[in-house]
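Structure first, commentary second.
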Amino acid sequence: MSTQKTKSIPNKPNTTKKSSPKKTPRKSPAKKQAVTTRRADQYDDPNHNYLHYWNGRDYEHASEEVAITRLIKDKKFKHAVDVGGGYGRLCLLLEQYADKVTLAEPSQQQLDIAKEFLKDHPEIDRKLLQAGDLKFKGGSIDLMTVIRVMHHLPDPTPEFKEFHRVLSDKGYLILEVANYAHGRNRVKYILKGKSLPKEPVDIRSAENKRKDEIPFVNHNPHTIIKQLAHAGLKVERTLSVSNLRSPGLKKIVPQKLMLRVEKSLQPTLANIYFGPSVFFLVKKAK
Ligand SMILES: C[S@@+](CC[C@H](N)C(=O)[O-])C[C@H]1O[C@@H](n2cnc3c(N)ncnc32)[C@H](O)[C@@H]1O
């Protein structure tokens, strides 16, 4: 069981933190249970609004929507859960494919932002939940999305076990993996004559590499596939996502063109895990 006392610099591993985080009091003592009790206050820093992180990232947002749509189009779901869904950025897309959508998020601040962001969609449930302890009935969820959360889970073993528990036999999990084995790193390692690490790599700045700081790792997709298999989960399809993520390119290439190219690269580059983000379509192993 791991307990993380963390404060947040979401998606900004190299930024200097200026203010103290809000401490969220623990309501109950840690329970003795098989699931993780990771702290929920990582994204509760009042000085950081994750909604603003997305300013100027239309290409990345659209790339992720393209990937998710590609993986679930032609399917219809009863209950979709966006695990670690933040302020609900992807919930509206999920609603097009599911009768019911739940935003499951451990940060109260993110849920508060979601209240405003999803104000015209009161039918979307917002629940304060950790990925390792989702509380849903076993086998009750037929679509789960876990996007940009793996950064914060150096060892996702308890979470994968929980995903297996709540997923229905025919259900799908879309798992986004922050990919350490992306094209540029691959070239770097080849030039150094080294092989890519199998373990997650801590990508925080030196000053943020403290025990009380939020974990921030990139993973080797091969290791994630093994960890999923260990939990009884099997990857059915892979996409390489945000392949053109580069501030320089975004400045000079029109977004429409970027997305057209991105769309064709997602399946083409999947086998070599080229992009900084890998999307796995996962099912329960038979
Ligand atoms: C980078 S944000 C991504 C939010 C959203 N999925 C998106 O893509 O817009 C990471 C999210 O993971 C959540 N998170 C961190 N640790 C988590 C855990 N153990 N269980 C569930 N969510 C977690 C954070 O609270 C935060 O909302």
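Data overview
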| read-out | value |
| --- | --- |
| Pair-distance profile P(r), taking every C-alpha pair of the chain, with 10 angstrom steps and integer % | 6, 28, 38, 23, 4, 0 |
| Equivalent ellipsoid semi-axes, the range 40-80, via Cα gyration tensor eigenvalues times 5, rooted, Å | 28, 17, 6 |
| Per-residue ³J(HN,Hα) for the range 172-184, Karplus 6.51 cos²θ - 1.76 cosθ + 1.60, θ = phi - 60°, Hz, x for Gly and Pro | 10, 10, 9, 10, 8, 10, 5, 9, 7, 8, 5, x, 5 |
| Residue among 62, 98, 206 with the largest mean-square fluctuation in a Gaussian network model of the chain, springs linking Cα atoms under 10 Å | 206 |
| Considering only the chain, percent of DSSP beta bridges that pair antiparallel, nearest 5 | 45 percent |
| Entries in 192/251; 137/283; 192/256 that, when Cα-Cα distance is taken, lie over 28 Å | 192/251; 192/256 |
| Derived scalar couplings ³J(HN,Hα) [the range 60-71; Karplus, 6.51 cos²θ - 1.76 cosθ + 1.60; whole Hz; x for Gly, Pro] | 5, 4, 5, 4, 5, 5, 4, 5, 4, 4, 4, 7 |
| Inter-probe distance in nm under a simple model that places probes 7 Å from Cα toward Cβ, at residue 135 and residue 57 | 2.7 nm |
| Sparse-neighbourhood loop sites, trypsin sites (Lys or Arg not before Pro) in the range 56-150 - DSSP loop, at most 16 other Cβ within 10 angstrom | 57, 73, 75, 76, 119, 135, 137 |
| Euclidean distance of C-alpha centroids, the range 202-230 and the range 158-191, integer Å | 12 Å |
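Quick note: the coordinates plus some simple rules give every number you see, no bench work behind them. Computed from a predicted model, the values in this text were never measured in an experiment. Because the Cβ atoms are built from the backbone with ideal geometry, glycine has one as well, and the counts that use them run over all protein chains shown.
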